[in-house]
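Below you'll find the structure, written out as structure tokens, and then a few comments.
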Amino acid sequence: MDRLAVMATFVKIVEAGSLSAAARTIPASLTSVSRQVAALEESLGTQLLRRTTRSLALTEDGRLFYDRAKVILGEWADMEFALSSGRSEPSGRLHISAPVLMGKTMLAPMLPAFLARHPAVSIDLLLIDRAINLVEDDIHVAIRVGRLPDSQFIARKLADVHMILCAAPDYLARRGPPQTPEELNHHDCLVFSEIPGAAEWSFQFSGHRKAIAVSGRFSANNLDALVSAAINGVGIARVPSWQVTGHIAAGRLQRVLENYERPPAPVHLIFQHTKLSSPKIRAFLDYLTDQWPRSHGRLSDDL
């Protein structure tokens, strides 16, 4: 049994959703694909797939095998390319993920220069706000904001990001700027939330964290919508500083309660340690680490 070929067939079955769909993709006969799965399960001594006439699902062992198989096949492809080309220059497709707004505002503008520097590299960029599984989603490098849970992945810090409060000048002229976080009880706060209603914003009081309940007439699960509402005088928004730097510089928004801001949150690059030997990934990590602007607590440095 060609274990590598059978492993690739199994991955195609899972991704296609059925044996017949995988057989068409390979291409191969349905009988051949079915026999490969049976031989694989027999050699491993465990069931990998639960098959019925209408559905196909991974067992717990099947999920483990699928996750590891994708890593092994990816590493094999990288090694095969490096050996066959006889080159160590970055090349191949690079799969990157990032939060939507950070990806649009900060990451995407940096990519053309990287592509120009490495003409043999192609990029697939996934902008998504949930934390994805690098192995399952075949992501080489992910950008994450905030504290990181312990994991098998390697983290390289890029910078820090500040969450700031801001509002339109006409709103502040009409309602008066808050002098302390407690005064937000008398203001319309623009709340980022999946669930409408009250929320809590964290502040720094004499070196200690304190949460303040806030509410307002407008909430959204999209920061662009909140910034737009703030510019139009609807209320006070709490957003990443890099998102509103241009609006503040242009006078469309003003920063408030600066003395009560929480310490910045770290921005990290996350990647698998097994991928570090790939020239394209090393090149991208080094490029982004060098080019990503740092934050030093001043608004002009947050972008």
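Since every read-out is calculated from the coordinates, none of them should be taken as a lab result. What you are looking at is a predicted structure, and each value in this text was computed from that prediction instead of being measured. When we count neighbours, we look across all protein chains shown, and the Cβ atoms used for this are built from the backbone with ideal geometry, even at glycine.
Need a quick list: helices (runs of 4 or more DSSP H) entirely within the range 1-66 having at least 1 residues that are more than 27 Å from Leu134 (Cβ to Cβ).
Output list reads 19-25, 30-44.
Restricting attention to the range 134-156, which residues are without any contact (Cβ under 8 Å) to a residue 24 or more places away in the chain and in contact with an Asp or Glu (Cβ under 9 Å, 6 or more places away or on another chain)?
Within the range 134-156, none qualify.
Just to be sure before I move on: is Ala108 out of contact with any Pro (no Cβ under 8 Å at 6 or more places or on another chain) and surrounded by fewer than 15 Cβ atoms within 10 Å (Cβ to Cβ) in the structure I sent?
So Ala108 passes the test.
List pairs: first in the range 157-168 and part of a loop (DSSP other than H, G, I, E, B), second of a type in the set (Val, Ile, Thr), Cβ under 8 Å, 6+ apart or cross-chain?
Pairs that qualify, where the first residue is part of a loop (DSSP other than H, G, I, E, B) and the partner is of a type in the set (Val, Ile, Thr), are Ala168/Ile231.
What single numbered condition from (1) free of Cβ contacts under 8 Å to residues at least 12 places away in the same chain; (2) over 30 Å from Ser91 (Cα atoms); (3) of a type in the set (A, V, I, L, M, F, W, C) fails to hold for Leu64?
(2)
Let me confirm something: among Asp170, Asp188, which residue is more than 20 Å from Val71 (Cβ to Cβ), among the charged types (D, E, K, R), crowded, with 19+ Cβ neighbours inside 10 Å and more than 23 Å from the chain's Cα centre (by Cα)?
Asp188
Could you please let me know if Pro178 is in a loop (DSSP other than H, G, I, E, B) and under 22 Å from the mean Cα position of the chain (by Cα)?
Taking the combined requirement at face value, the residue does not satisfy it.
Please identify the pairs in which a residue from the range 19-32 that is on the phi < 0 side of the Ramachandran plot and β-branched (Val, Ile, Thr) has its Cβ atom under 8 Å from the Cβ atom of a residue that is in a helix (DSSP H, G or I) and surrounded by 14 or more Cβ atoms within 10 Å (Cβ to Cβ), counting only partners at least 6 apart or on another chain.
Thr25/Lys12; Thr25/Ala16; Ile26/Thr9; Ile26/Lys12; Ile26/Val33
Consider the range 39-56. How many of its residues are surrounded by 12 or more Cβ atoms within 10 Å (Cβ to Cβ) and of a type in the set (Gly, Ala, Ser)?
Looking only at that region, the number is 1.
Those residues that are under 30 Å from Lys70 (Cβ atoms) and in contact with a Leu (Cβ under 9 Å, 6 or more places away or on another chain), I need them from the range 229-274; list them, please.
Pro266, Val267, His268, Leu269, Ile270, Phe271, Gln272
For the structure I just gave you, tell me whether Gly246 is free of Cβ contacts under 8 Å to residues at least 12 places away in the same chain, surrounded by 12 or more Cβ atoms within 10 Å (Cβ to Cβ) and under 25 Å from Lys104 (Cα atoms).
Taking the combined requirement at face value, the residue satisfies it.
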